[in-house]
Amino acid sequence: MRLDKLLGEVGFGSRKTVKRLINSKQVVVDGKVVMEDNVNVDPQIQEVFVLQKKIYYQPHAYYMMNKPGGVVSAVQDKKNETVIDLIKESDRFPGLYPVGRLDKDTEGLLLITNNGNLGYQLLLPHKHVAKKYEVIVNERVTNTDREAFAEGVTFHGGIKCKPAKLTILESSDLESRVIVEISEGKFHQVKKMFLACGKKVTYLKRLSMGPIELDGNLSAGAYRPLTIEELNQLTPYF
Ligand code: URA
């Protein structure tokens with residue numbers, strides 16, 4: 001990558017600031033002072049020093065996974081397989097972690113990255129990042145439930161949720177299939193919202209998070225890097 005891009009990415013500021021550092025002979029690559037900002041360097045195999053300090057470059061990785069049921073959204077777990085265990089060793093960049101938590105039995109979209117700031121920004125409560133879930137419930141879901149969700153459900157115990165959108169796809173006395181859109185991330189939120197309406201969630205799958213939608217071609221447990229278009233859509237959270 002270009003030297004000025006590398007120095008920008010590791011925090012030395014704009015191209016102009018980086019150029020000033022280079023012009024003042026403060027940048028050394030493999031022992032030689034560099035005087036041009038457009039030289040290509042490979043920070044994995046070359047030694048780059050700025051202001052006499054060595055630069056460590058950590059490439060960022062961004063994956064979307066279709067989380068299967070039965071694995072935990074954690075980096076490590078003593079008892080259970082984790083979503084990070086599902087990442088091939090050659091793709092397992094240091095520092096990978098899942099952005100937010102899905103329950104062990106919840107399936108669907110999980111972003112996995114080693115960019116700490118992205119996860120932090122996406123999970124900030126005041127950013128109200130929308131999450132959409134497909135939900136199967138063990139009985140009839142009614143318009144009264146839809147109105148309760150729109151109003152903001154209060155959990156048993158008194159915690160009130162923000163208004164949420166409930167779209168009923170199929171509804172019968174034995175089972176209903178619905179879509180729920182929420183803008184917060186309380187622990188077990190969707191399950192507890194239905195519990196507050198006297199109903200039990202029997203299947204839960206996340207379909208989207210903010211601007212990112214689950215790729216329908218990913219089978220359970222599969223993952224792929226985010227595309228440039230998807231990364232561009234995440235720009236407000238970088
Ligand atoms: N709400 C839940 O109840 N569980 C999840 O895993 C995600 C949202």
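Each reported figure results from applying straightforward, stated rules to the coordinates on display, with no laboratory input. Not measured: the values here are computed from a predicted model. Quick reminder, even Gly has a Cβ in these numbers, built from the backbone with ideal geometry, and neighbours come from all protein chains shown.
So which DSSP H runs in the chain come out at 15 Å plus along the axis (Cα) with average Kyte-Doolittle of at least 0.5? Could the numbers behind the result be given before it?
Details: long enough: none.
Flagged H segments: there are none.
Given the options 168, 45, 228, which has the most mean-square fluctuation in a GNM of the chain, springs set between C-alpha atoms less than 10 angstrom apart?
So, out of 168, 45, 228, the one fluctuating most is 45.
Loop only by DSSP, 10 or fewer other Cβ within 10 Å of the Cβ. Give me the chymotrypsin sites (Phe, Trp or Tyr not before Pro) in the stretch 137-196 that pass, ordered by residue number. Provide the component values of the computation, followed by the final result.
Values: sites: 149, 155, 187, 194; in loops: 155, 187.
Passing both the DSSP loop test and the Cβ count: 187.
Could you tell me the relative contact order of the chain? Use alpha-carbon pairs under 8 Å, at least six residues apart, and round to a whole percent. It would help to have the intermediate numbers written out before the result.
Details: 444 pairs, mean separation 45.1, N = 238.
Once divided by the residue count of the chain, the mean separation gives 19 percent.
Please list, by residue number, every one of the trypsin sites (Lys or Arg not before Pro) in the stretch 164-238 that is coil in DSSP and has at most 14 other beta-carbon atoms within 10 Å. The partial results should precede the final answer.
On the way: sites: 165, 177, 186, 191, 192, 199, 200, 205, 206; in loops: 186, 199, 200.
Taking the stretch 164-238 and a limit of 14 other Cβ atoms within 10 Å, the loop trypsin sites (Lys or Arg not before Pro) found are 186, 200.
Going down the list 67/160; 79/131; 54/79; 5/186, which pairs span over 31 Å between their C-alpha atoms? Numbers along the way, then the final one.
Working: 67/160 28 Å; 79/131 28 Å; 54/79 39 Å; 5/186 39 Å.
Going by Cα-Cα distance, 54/79; 5/186 fall outside the 31 Å limit.
Mind checking which of 80, 23, 115 has the largest fluctuation in a GNM of the chain, springs on alpha carbons under 10 Å?
Highest fluctuation among the options: 23.
Which of the GluC sites (Glu not before Pro) found in the stretch 1-53 are in a DSSP loop and have at most 16 neighbouring Cβ atoms, other than their own, within 10 Å?
Working: sites: 9, 36, 47; in loops: 36, 47.
Of the GluC sites (Glu not before Pro), the ones in loops of the stretch 1-53 whose Cβ has at most 16 other Cβ atoms within 10 Å are 36, 47.
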